[in-house]
């Protein structure tokens, strides 16, 4: 982490709730696994658009399987709304 200190510093600017969400990788690893599985079964792609479409379909199918929301999402959402008020809509 010392060699990558310039990449660590921005991470420390976030509040603890957001940092916890960022460094928790289980959901990210599960999502990457679904994408890898979809790409591996297809093998090759005639174009970049074909690959993008397959990834979109894999993500769309995966999102229907998600049953649990992110832990403490409301606190993280509030922090995002404060930090990125111009880009994070409060619906």
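The values are calculated or read from the model by the stated rules, or taken from the named source; none is laboratory data. Computed from a prediction, not measured in an experiment: that's the story for all the values here. Using ideal geometry, Cβ is built from the backbone for each residue, glycine included, and neighbour counts are taken over all protein chains shown.
Laid out as a table, the results:
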read-out	value
Candidate set from the range 13-35 (those that are in a helix (DSSP H, G or I) and at pLDDT 85 or above); member that is nearest to residue 72 (Cα to Cα)	16
Filter pass, residue 8 being out of contact with any strand residue (DSSP E or B) (no Cβ under 6 Å at 6 or more places or on another chain), part of a helix (DSSP H, G or I), at pLDDT below 85 and surrounded by 10 or more Cβ atoms within 10 Å (Cβ to Cβ)	yes
Residues being within 22 Å of residue 21 (Cβ to Cβ) and at pLDDT 85 or above - total across the range 36-70	1
Filter result for residue 75 (assigned to a helix (DSSP H, G or I), at pLDDT 85 or above and within 24 Å of residue 30 (Cβ to Cβ))	no
